[in-house]
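Enquirer: Quick one: the structure is below, questions incoming.
The values are calculated or read from the model by the stated rules, or taken from the named source; none is laboratory data. Treat the numbers as computed from the prediction; the structure is a model and nothing was measured. Note that each Cβ is placed from the backbone with ideal geometry, even for glycine, and that neighbours are counted across all protein chains shown. Side chains are part of the model used for accessible areas, which takes the heavy atoms of the whole protein and leaves out ligands, DNA and RNA. Shrake-Rupley method; radii C 1.70, N 1.55, O 1.52, S 1.80 Å.
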Amino acid sequence: MRTLKLIGAVAAILVLAAIGTVYGLLHGSLPQLDGELRAAGLSAPVHIARDALGVPTIEASGRADLAYGTGFAHGQDRFFQMDLARRLAAGELAELFGAVAIEQDRATRLFRFRSVARAVLAGATPAQRAVLEAYTRGVNAGIASLHVRPWEYLLLGAAPVPWRSEDSVLVEHAMWWDLQVNGLRREKLRQEINARLGGPQCAGGWKCVLGFLYPAGTSWDAPAAAGSVAASAAPVPDASVLDVRDAVAAPPLARAVRTPAVGSNSWAVAGTLTASGAALIANDMHLGQRVPATWYHLRMRLAAHGNDAGLDLTGVTLPGAPLLVAGSNGHIAWGFTNSYGNWLDLTPAACGAAGEDGSAPQPAAPLRVVHEEIMVRGAPSVRLDIESGPSGVLWRRDPGTQRCWFVSWLAQLPEATNLNLMELERVTSVAEALALAPLIGIPHQNVVLGDREGHIAWTIFGRIPADTGSARARAGGPWTAAAEHPRIMDPPLGRLWTANARVATDPRQLQLIAGDLASLGAEYDLGARAGQIRDDLMALRGPVTATDMLHVQLDDRAVFLGRWQALLLRVLDEQALQGAPRRAEFRGLVERWKAQASVDSVGYRLVRVYHDHTQQAVWDMLLAALRIPADETSWPPAQFEGPLWQLVSDQPLHLLARDYGDWRQFLLAQVDATIAELAAVCPQLARCSWGAGNVAHIRHPLSRALPWAAALLDMPVLELPGDHDMPRVQDGAVGQSERFAVSPGHEEQGYLHIPGGQSGHPLSPFYRAGFMQWARGEPLPFQPGPAQHTLTLAP
């Protein structure tokens with residue numbers, strides 16, 4: 001017994017020692033926050049002061065030194081996040097994670113973004129390169145200042161690779177990837193549908209009937225410009241063009257498939273309507289949320305000297321880049337939403353016959369081949385042959401159809417990406433920003449702008465080809481100049497809003513954005529969210545303040561689903577309820593619904609799931625009739641809500657699968673499918689609340705591989721309000737990646753919060769700082785508070 005006790009005591013000591021060692025190593029990778037460090041290459045001291053939430057204010061006397069300090073802070077707090085971003089864009093994740101990342105690397109390496117980034121860097125101005133080089137030195141100095149390498153690399157057993165200037169351009173390409181690459185899948189599906197439809201062709205070589213499935217607009221449209229381009233709905237196609245009734249049987253009832261809720265909101269209120277007299281800008285960008293948060297809250301100050309007024313920049317930065325992404329420079333403020341449009345081309349071409357050895361069919365014409373090598377940790381490297389022809393890079397082969405798909409994407413052109421967003425730092429008016437807009441090379445964004453004098457504007461940041469033909473992404477330039485670049489300035493309403501939907505109404509501007517897709521909706525989001533924002537803004541009375549903006553950002557009223565709730569009540573009539581107690585319970589909950597996407601609303605969840613079931617079932621019927629296999633990525637286009645409502649309202653029999661006697665039977669089948677789906681997760685339908693199905697599990701990239709550490713690495717798991725098609729967008733871990741509102745020159749009155757803390761280190765007091773305020777919608781100051789820690793970087 002005494003021996004067993006002794007063994008137990010020794011084991012306990014060893015466990016405690018091991019825990020102590022691990023803790024010591026993790027603690028050693030925390031950054032130094034106070035004191036002084038020597039930094040080679042600085043011209044004068046740089047001060048990094050952090051407030052109680054860890055938000056830094058960086059002060060320097062020169063722009064290169066300011067970039068050095070920014071890189072130092074990013075490197076201290078977020079290097080692993082930066083590393084993943086550059087590796088994603090370059091197709092180099094397998095070098096860190098092994099074979100599990102090979103397929104992802106194949107997908108991104110196809111576009112050779114590291115080569116593009118080098119060309120972008122070579123084309124930058126000397127001043128821009130100097131800033132990037134200083135930022136790079138700062139990042140690497142920040143890593144070197146840690147006593148132990150960042151904790152993620154301890155777990156992975158790897159060493160961090162030093163930052164390079166080209167890596168900051170790759171971080172920009174990672175945003176191109178996140179925001180635009182899904183357009184390839186959507187374009188392929190649209191072309192396959194077009195090829196199988198009957199009837200005549202219209203403009204651009206598209207079948208006329210495609211305008212029904214992909215309408216230019218719907219009754220939900222709410223453009224910010226005066227006028228309208230949403231013509232009357234296209235007529236329902238007749239059976240000679242599209243016949244579902246005599247086609248194959250309907251696919252099995254599928255689970256509701258929800259299109260990813262990517263997007264963003266942004267709006268501007270003119271100074272004539274605000275309490276300060278300056279314009280008011282609000283922005284909440286919607287992205288997949290993770291730990292650490294996408295954005296890094298930062299204030300960057302450059303001391304004035306001589307004729308130089310200096311800089312005072314506050315807002316959100318992207319770790320990996322030395323500039324302010326969105327926020328205020330004291331003279332103007334700006335915010336972004338993703339601009340959908342025609343930024344890539346996908347061209348099908350006949351492939352040759354398969355080789356005698358059974359290999360995949362090759363294109364009929366010879367292709368140029370570039371060899372790339374994907375390094376794989378713990379395994380031999382993988383060779384990737386990148387083939388390209390006149391229509392771009394060979395993206396996919398379809399052996400069954402003997403078709404090859406070639407892609408051209410503006411992201412592949414070095415002249416489409418640049419560092420000119422940095423020039424926005426010194427712009428002092430909306431007019432100056434509009435003149436700069438055509439020269440800014442980023443993934444195409446709607447930007448709303450406001451200045452201290454009260455002016456507001458909307459434009460596109462991102463280079464736009466003047467050619468609006470179907471092959472515009474192949475050649476790229478010539479690019480639009482300021483005179484024709486899309487814009488709206490100082491509208492009579494004194495308000496501008498964007499929500500990934502159509503903003504402009506001028507035909508030429510729309511064509512510049514959408515090219516030959518202008519008549520097919522250009523992949524704009526449905527206008528319901530934009531319309532609700534518009535109505536919220538128009539309802540404001542009295543001098544408008546930042547607090548009013550937060551109320552709009554948190555608006556979770558179910559305006560869009562109102563007509564679907566009414567439809568459900570009509571479908572579930574007395575006849576439908578006879579002998580069907582589950583339907584009766586369902587109807588009662590829908591009838592008493594809380595017309596909000598609030599966490600306690602049961603009726604809202606029932607209506608939403610029913611809508612999604614019905615939408616996906618109708619879309620799958622159409623694809624089945626066209627003999628297009630449906631899979632988990634076959635989402636209907638955002639504008640499909642228009643034709644969907646036409647179909648359930650007009651109920652044309654030839655567009656209903658023959659499995660159903662009529663549309664009423666189909667609509668009731670969707671009710672039953674909805675009940676069955678919810679019953680699988682909610683034993684009691686009355687307790688099947690929206691929040692229970694809208695859980696935000698915001699995770700660290702490593703927590704899935706380390707489930708025992710998830711509680712330490714992930715943000716608190718919460719039920720959150722919000723949904724698609726309303727200002728407060730929240731769909732699980734996809735949602736508002738930041739919220740802010742600010743008037744330039746009145747930054748102390750603004751607010752800003754993000755879904756996570758500044759630090760990427762779980763032992764840091766700043767790891768979760770601010771998360772609960774974001775979750776509860778409680779504003780935090782736009783500007784950092786009083787310094788709690790100050791680190792000086794001395795030359």
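Enquirer: Based on what the data block shows, is ALA89 crowded, with 23+ Cβ neighbours inside 10 Å, closer than 28 Å to ARG396 by Cα and touching a residue at least 12 places away in the same chain (Cβ under 8 Å)?
Expert: When the stated conditions are applied, ALA89 passes them.
Enquirer: Got a sec? Which of GLN736, GLN670, GLN730 is touching a Lys or Arg at 6+ places or on another chain (Cβ under 8 Å) and open to solvent by less than 10 Å² (accessible area, probe 1.4 Å)?
Expert: Residue meeting the stated conditions: GLN736.
Enquirer: A follow-up question, please. What's the number of the condition GLY476 fails, among (1) out of contact with any Asp or Glu (no Cβ under 7 Å at 6 or more places or on another chain); (2) surrounded by fewer than 21 Cβ atoms within 10 Å (Cβ to Cβ)?
Expert: In the conditions (1) out of contact with any Asp or Glu (no Cβ under 7 Å at 6 or more places or on another chain); (2) surrounded by fewer than 21 Cβ atoms within 10 Å (Cβ to Cβ), GLY476 misses (1) alone.
Enquirer: Considering only the range 388-402, how many residues are of a type in the set (D, E, K, R) and open to solvent by less than 50 Å² (accessible area, probe 1.4 Å)?
Expert: First pass over the range 388-402, keeping only residues of a type in the set (D, E, K, R): 396-398.
Then keep just the ones that are open to solvent by less than 50 Å² (accessible area, probe 1.4 Å); that gives 398.
So the count comes out to 1.
Enquirer: Provide a single number: the residues in the range 648-657 that are open to solvent by 10 Å² or more (accessible area, probe 1.4 Å) and assigned to a loop (DSSP other than H, G, I, E, B).
Expert: Let us first name the residues in the range 648-657 that are open to solvent by 10 Å² or more (accessible area, probe 1.4 Å), namely 649-654.
When the remaining residues are screened for being assigned to a loop (DSSP other than H, G, I, E, B), the result is 651-652.
So the answer is 2.
Enquirer: Output the residues belonging to the range 111-134 that are open to solvent by less than 20 Å² (accessible area, probe 1.4 Å) and either among the aliphatic types (A, V, I, L, M) or at positive phi (or both).
Expert: Selection gives VAL116, ALA117, VAL120, ALA124, VAL131, LEU132, ALA134.
Enquirer: Just to be sure, is GLU372 at pLDDT 95 or above, among the acidic types (Asp, Glu) and open to solvent by 50 Å² or more (accessible area, probe 1.4 Å)?
Expert: no
Enquirer: Do we have ALA225 as within 25 Å of PRO744 (Cα to Cα) and modelled with pLDDT under 95 here?
Expert: yes
Enquirer: Please go through the range 202-222 and pick out each residue that is surrounded by fewer than 19 Cβ atoms within 10 Å (Cβ to Cβ) and modelled with pLDDT of 90 or more.
Expert: To start, the set of residues in the range 202-222 that are surrounded by fewer than 19 Cβ atoms within 10 Å (Cβ to Cβ) comprises 202-205, 208, 219.
CYS208, SER219 - these are the residues of the range 202-222 that are surrounded by fewer than 19 Cβ atoms within 10 Å (Cβ to Cβ) and modelled with pLDDT of 90 or more.
Enquirer: Something else now. Has the range 428-445 got at least one residue that is assigned to a strand (DSSP E or B) and open to solvent by 10 Å² or more (accessible area, probe 1.4 Å)?
Expert: Among the residues of the range 428-445, at least one is assigned to a strand (DSSP E or B) and open to solvent by 10 Å² or more (accessible area, probe 1.4 Å), which makes the answer yes.
Enquirer: Oh, and also: Looking at this structure, is PRO744 at pLDDT 95 or above, at negative phi, touching a His at 6+ places or on another chain (Cβ under 6 Å) and part of a loop (DSSP other than H, G, I, E, B)?
Expert: Here the answer is yes, as PRO744 does meet what is asked.
Enquirer: Please verify whether the range 450-466 includes one or more residues that are over 18 Å from GLU172 (Cβ atoms), under 21 Å from the mean Cα position of the chain (by Cα) and either aromatic (Phe, Trp, Tyr) or not in a strand (DSSP E or B) (or both).
Expert: There is at least one residue in the range 450-466 that is over 18 Å from GLU172 (Cβ atoms), under 21 Å from the mean Cα position of the chain (by Cα) and either aromatic (Phe, Trp, Tyr) or not in a strand (DSSP E or B) (or both).
Matching residues to (1) touching a helix residue (DSSP H, G or I) at 6+ places or on another chain (Cβ under 8 Å); (2) within 29 Å of GLY271 (Cβ to Cβ); (3) of a type outside the set (Lys, Arg):
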position: MET538; (1), (2), (3): no, yes, yes
position: PRO543; (1), (2), (3): yes, yes, yes
position: ASP548; (1), (2), (3): no, yes, yes
position: GLN553; (1), (2), (3): no, yes, yes
position: ALA558; (1), (2), (3): yes, no, yes
position: LEU561; (1), (2), (3): yes, no, yes
position: ALA566; (1), (2), (3): no, no, yes
position: VAL571; (1), (2), (3): yes, no, yes
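Enquirer: Restricting to the range 161-176, name every residue that is touching a helix residue (DSSP H, G or I) at 6+ places or on another chain (Cβ under 6 Å) and open to solvent by 30 Å² or more (accessible area, probe 1.4 Å).
Expert: Hit for the range 161-176 is PRO162, nothing else.
Enquirer: Also: Tell me which residues, restricted to the range 50-82, are open to solvent by less than 20 Å² (accessible area, probe 1.4 Å) and assigned to a strand (DSSP E or B).
Expert: Correct list: ARG50, PRO56, ILE58, ALA60.
Enquirer: Given the criteria surrounded by 15 or more Cβ atoms within 10 Å (Cβ to Cβ) and not in a helix (DSSP H, G or I), does TRP645 qualify?
Expert: So TRP645 does not fit the description; no.
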